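See structure below.
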Amino acid sequence: MNKNIRIAMWSGPRNISTALMRSFENRTDAYVTDEPFYAYFLKNSGETHPAREQILKVQSSNWDEVSAMLTGNIPNDKNVWYQKHMAHHVFDDSNLEWTKDVVNCFLIREPKEVINSYIKRFDLKNALQLGYSQQLRILNFIKDISGKEPIVMNAKDVLMDPETQLRCLCEKVGIDFSSDMLSWPSGTRDTDGVWAPHWYSEVEKTTGFQPYTYANTSIEEKWSKIYESCLPDFELLNSYRMKPQNK
């Protein structure tokens with residue numbers, strides 16, 4: 001039986017993180033939490049993201065308070081707690097000690113794909129906005145304290161073979177696979193963050209993972225420095241990824 005498993009999934013922006021959250025929420029034994037450190041990030045970065053004031057109003061911006069909540073009792077008497085995290089919400093001085101009490105996983109995506117998606121919505125100023133270095137910092141922290149090989153999923157692998165990847169993920173985190181994870185009802189969710197109207201319009205239309213169809217493998221020259229900055233971190237993260245042939 002799945003007993004009190006807390007999964008912290010660390011992703012960057014413009015990934016399939018919300019679809020993966022939908023996948024877990026469709027399990028009967030799971031509760032999901034959407035980007036619990038968003039208010040903390042906004043308060044400490046000064047970024048003016050959509051719905052900033054609303055986020056700061058409804059969500060705690062206190063790191064210790066949020067991390068204590070994430071390691072506490074699983075809400076709604078569920079056995080699995082899936083926590084969707086954005087790695088760029090973490091700063092160099094953010095205390096990662098609480099991560100010892102959860103199963104940490106990493107969701108990555110090729111930097112060119114992330115950059116081309118990100119610039120459609122936001123002004124891209126530096127590599128920190130994309131979260132690769134933060135993901136690697138968290139991964140190294142977890143690896144050092146656990147001595148175990150990190151659990152890393154590449155979004156492309158997930159989209160090309162969702163069932164194989166989800167089965168492998170479930171095995172690694174210590175829960176049973178459920179076929180309910182492969183599809184979900186379209187629409188909004190009460191568990192979505194208040195920022196959902198600004199970000200989730202496309203995923204709200206979906207009823208499952210969309211086929212991998214990305215074809216634009218080039219980026220404009222003006223983004224090349226950011227890409228080159230992200231690439232070594234991505235390649236290190238990707239070296240740990242669950243291989244497509246895993247069953």
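Descriptive notes on the structure:
- With contacts taken as Cα pairs under 8 Å at a separation of at least 6 residues, the chain carries a relative contact order of 29 percent.
- Amide H contacts of Ile7 (H built 1.01 Å from N, in plane; Pro and chain starts excluded): Trp81, Tyr82, Gln83, Val103 sit under 5 Å, all sequence-distant by 5 or more or on other chains.
- Averaging 1/r across all pairs of distinct Cα atoms in the chain and inverting the result yields a Kirkwood radius of 18.4 Å.
- Pairwise centroid distance, computed over Cα atoms, of the range 81-98 with the range 172-247, Å: 18
- Legend: distances between Cα atoms for Lys143/Lys172; Lys3/Lys172; Lys3/Lys143; pairs beyond 21 Å are Lys3/Lys143.
- Sorted peptide list for 52-60, 114-122, 13-21, criterion being average Cβ within 10 angstrom, highest first: 13-21, 114-122, 52-60
- Out-of-range pairs (alpha-carbon distance over 20 Å; input Lys125/Lys222; Lys78/Lys205; Lys78/Lys156): Lys78/Lys205; Lys78/Lys156
- In a simple Cβ point-charge model (Lys, Arg +1; Asp, Glu -1; nothing else charged), the chain has a dipole of about 280 debye relative to its Cα centre.
- Within the chain, percent of DSSP bridges classed antiparallel, to nearest 5: 5
- Karplus-derived HN-Hα couplings along the range 70-81 (A = 6.51, B = -1.76, C = 1.60, θ = phi - 60°), whole Hz, x at Gly and Pro: 5, 9, x, 5, 6, x, 6, 6, 8, 9, 10, 10
- Helix content alone sets the calculated 222 nm mean residue ellipticity of the chain: runs of n ≥ 4 DSSP H residues at -39500 (n - 2.57) each, divided across all residues, give -10500 deg cm²/dmol.
Any read-out appearing in this document is the output of simple, stated calculations on the displayed coordinates, not a laboratory observation. All values reported here derive from a predicted model rather than from experimental measurement. Here Cβ is always computed from backbone atoms with ideal geometry, including for glycine, and neighbour counts include all displayed protein chains.
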